[in-house]
Amino acid sequence: MFRQAELQQILQTIPWFLELSESQLEGLANIASVQHLLEGEALFHEGDPEGNTYILLDGELGLDIQIPGRDKVRIFTAEPLDIVGWSSLTPMVRQRTATAVALVDCNYLELDSNNLSQMCEEDPSLGFIIMKRISNVVASRLLTTRIQLMEQLLHNPE
């Protein structure tokens, strides 16, 4: 089990949190934990109720969606410092939109999304930084998805 000071040190190494003050990092450490996932284990499943937000510290996670008539399709491979489960910080999403499976053994930082959302509401500067980061993730994932779709169309025209 990681102590508060150790969690704060881990948080300081994550680029997402470089602009945060000591007190903001301390607050995040209070709602964070480091977890381990073995290769092949699922962090969450598509359709599960929204839960926490995760930052991959090491390893790889595959994000898969179920496509009727096509089985599952990998839409993203998360690498160290990628965030997954970020949609739990948005007000509209109520269930997981993909399944996250460890492609190799992984360590990840788990953040309590309810508490993180509350912290962002209470501290607008923290909220702005976190939501700015989330918007960058959304934009990059949309771009990745667009490129994947174009590649599929080029290789499999119908």
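Throughout, read-outs are computed from the coordinates displayed, never taken from laboratory work. Nothing here was measured: the structure is a model prediction, and the numbers come from that model. For neighbour counting, all protein chains shown are included, and Cβ atoms are generated from backbone atoms with ideal geometry for every residue, glycine included.
State the extension gain, in nm to one decimal, for the chain segment bounded by Arg141 and Glu122, taking 0.36 nm per residue of separation less the distance between their alpha-carbons.
4.0 nm
In nm, what is the difference between 0.36 nm times the number of residues separating Glu19 and Lys132 and their Cα-Cα distance?
Extra length from Glu19 to Lys132 when fully extended: 39.5 nm.
State whether the range 1-44 is rounded, prolate or oblate according to the following rule on the C-alpha gyration tensor (a ≥ b ≥ c being the square roots of its eigenvalues): a/c under 1.5 gives rounded; otherwise a/b larger than b/c gives prolate, and the remaining case gives oblate.
Prolate.
Please identify the GluC sites (Glu not before Pro) of the range 40-105 that satisfy two criteria: DSSP loop assignment and at most 15 other Cβ atoms within 10 Å. Which are they?
Those that pass, being in a loop and sparsely packed, are Glu41.
Need one word for the range 98-158: rounded, prolate or oblate. Basis is the Cα gyration tensor (sqrt eigenvalues a ≥ b ≥ c); a/c below 1.5 gives rounded, then a/b vs b/c decides.
Oblate.
Run the numbers for Leu149 and Met92: contour at 0.36 nm per residue of separation, minus the present Cα-Cα distance, in nm.
Additional length available on full extension: 18.0 nm.
From the square roots a ≥ b ≥ c of the eigenvalues of the alpha-carbon gyration tensor of the range 4-155, which class results: rounded (a/c under 1.5), prolate (a/b over b/c), or oblate?
In terms of gyration-tensor shape, prolate.
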